[in-house]
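These notes are about the structure you will find just below.
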Amino acid sequence: MPIETPSQVFQELVEQHRGILFKVAKAYCSHEEEQQDLVQEMMIQIWQSLQRYDPRYKISTWLYRIALNVAISHFRKNKVHQRKQGTLQGQTPLSEDSDQPEKEQQLRLLEQFIEELKELDKALMVLYLEDRSYAEIAEIIGISVSNVATKIGRIKDKLKQRFSQQKISQNGR
Amino acid sequence: MDDKELKALWQTQAQKLEENILLTRKYAEEISKMKVQSALASMKPLKIFTIIVGIIWVGFVDLLIIGSWQSGSAFFLVSATIQVVLSKLALGIYLYQLVLISQINLGTPVLEAQEKIASLKASTLWVARLLFLQLPIWTTFYLNAQMLKQPLSLFINLLITVLFTWAALWLFFNIKYENRDKKWFRMIFEGKEWTPMLQSMEFLDEIRYFQKDEEYV
């Protein structure tokens, strides 16, 4: 069996797990062009960290760590710029188009909710929605499992409130 | 909406995103063939440049001190020695930052890596503190015994040096994150070059609250 070169390993790895990179990028920036730049930066970091991969952890755990670390740093770097321009993502009004299918509206609400979260909470929410176990989330973020459970519980409560508010305002119309 | 529905909703957008296979292939090929630099590594050149300029400067001042050791004024020698020691300390901070940059591994847990990145940026505050500590020497290096023989000149120089020393020490001990909201602090660190440093300090706070399971606002 031919031995794979590091370049082949890298290309297969990112192709197989591209979903992780794109989903994390989407959670941290709303503009498509910026998302692509972010994915590219994540891939550079993966390529450069390949030698340092610790096989004690699952490959997905390692990839989430890199993707989230790059995304958080990128998000923090651009935070001031966005604030100055007054286009903080959370301020984008939610479309109230009644013709929009309900699922689409719910998805937009969920996306807007994630946009408004602080960078570390965003990471937790993405991992939770990605159906990662609390133990893996704890490994990725670097906090205890009980801390993960408490924080996710809090975020979910806020999200539920948001969905019920939306429902009330829709029924009122 | 329950957990299952919420996760299913998230997956609907995820499916669209995962279609970017061609883009992923293109990036992966480019990255593995070219010599590319990550955003973190791109911080290195400026640090290295600062260190080189710093080494040239301290080397120059060291030579001046050695050259004028026998004949130079005591005021100049003491002032230059203090200046060069403080500059070497500032150089040490830049070297420490360079080491930190090479040690940061983004494959480690998010909080660990982010804490290192934020500490790296926040350590720049130490450079500012050391620079302010140099204030009094700019009021003494040009003095000589002749100038201090006149009582008025002695009084004025002494007053200025005492004031600068007081200001330098006060700033050295008070330039800290806890004072970030004070008016004088904001005046000093107003420019955009300081914003990443101040934000990093704020983020360090957030990280600590996050670790402690406290709700941060």
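Computed from the coordinates by the stated procedures, all read-outs in this text should not be read as laboratory data. Since the model is a prediction, treat every value here as computed from it, not as a measurement. FYI the Cβ positions are ideal-geometry reconstructions off the backbone, even for glycines, and counts take in every protein chain you see.
Once the Cα-Cα distance is subtracted from the 0.36 nm per residue extended length, the B:I48 to B:Q146 segment shows a gain of 31.0 nm. Here the Karplus curve 6.51 cos²θ - 1.76 cosθ + 1.60, taken at θ = phi - 60°, turns the phi angles of the stretch A:126-134 into couplings of 4, 5, 5, 5, 7, 6, 7, 6, 4 Hz, with x standing for Gly and Pro.
Shape annotation for the protein assembly as shown: C-alpha extents along the principal axes are 89, 64, 36 Å, from largest to smallest. The string of couplings for the stretch A:9-23 from the Karplus curve (6.51, -1.76, 1.60, θ = phi - 60°) is 4, 4, 5, 5, 4, 6, 5, 5, 10, 4, x, 4, 5, 5, 6 Hz, one whole number per residue in order, with x for Gly and Pro. Inter-chain neighbour count for A:110-123: the average number of beta-carbon atoms from partner chains within 10 Å of each residue's beta-carbon is 3. Applying 1/(1 + (r/R0)^6) with R0 = 30 Å to the Cβ-Cβ distance of B:W138 and B:I56 gives a FRET efficiency near 0.90.
What the phi angles of the stretch B:45-51 give under the Karplus curve with 6.51, -1.76 and 1.60, with θ = phi - 60°, is a coupling list of x, 5, 5, 5, 4, 4, 5 Hz, glycine and proline written as x. Subtracting the Cα-Cα distance of B:A74 and B:K88 from their residue separation scaled by 0.36 nm leaves 2.9 nm.
Over the stretch A:1-85, the fraction of Cα-Cα pairs per 10 Å bin, rounded to whole percents and listed from the shortest bin up, is 16, 48, 24, 9, 2, 0. Looking at A:L50, A:A71, A:S7, which one has the Cα that reaches farthest to the positive end of the dipole of the stretch A:1-85 (charges on Cβ: Lys, Arg +1; Asp, Glu -1)? Projecting each Cα onto the dipole axis, the largest value belongs to A:A71.
Using the beta-carbon distance between A:V9 and B:A39 and R0 = 30 Å, what value does 1/(1 + (r/R0)^6) give for FRET efficiency, to the nearest 0.05? Efficiency at R0 = 30 Å is approximately 0.85. Once the C-beta distance of A:A135 and A:F163 is scaled by a Förster radius of 25 Å, the resulting FRET efficiency is 0.35 to the nearest 0.05. The mean of 1/r over all pairs of different alpha-carbon atoms in chain B, once inverted, gives a Kirkwood hydrodynamic radius of 22.1 Å. Excluding same-chain neighbours fewer than eight residues apart, the aspartates and glutamates reachable from A:K58 by a Cα-Cα span under 13 Å are A:E136, A:E139.
Relative to the current alpha-carbon distance between A:H31 and A:S60, full extension at 0.36 nm per residue lengthens the span by 7.9 nm. In this structure the amide hydrogen of B:A39, modeled in the peptide plane, comes within under 5 Å of no amide hydrogen from residues 5 or more places off or on another chain.
Hey, what angle do you get for helix B:195-211 against the long axis of chain B, alpha-carbon based, 0 to 90 degrees rounded to 10? Taking Cα atoms only, the helix is inclined about 60 degrees. Size descriptor for the stretch B:113-217, Kirkwood hydrodynamic radius: 16.3 Å (Cα pairs only, one decimal).
Shielding by partners for peptide B:161-167, expressed as the average number of C-beta atoms from other protein chains within 10 Å of each residue's C-beta, is 0. For chain B, the relative contact order is 20 percent, taking Cα pairs closer than 8 Å that sit 6 or more residues apart in sequence and dividing their mean separation by the residue count. Relative contact order of the stretch A:1-85: 35 percent, from C-alpha pairs under 8 Å at least 6 residues apart in sequence. Within the shell defined by Cβ-Cβ distances under 13 Å, the residues around B:K121 carry a net charge of +1, with Lys and Arg each +1 and Asp and Glu each -1.
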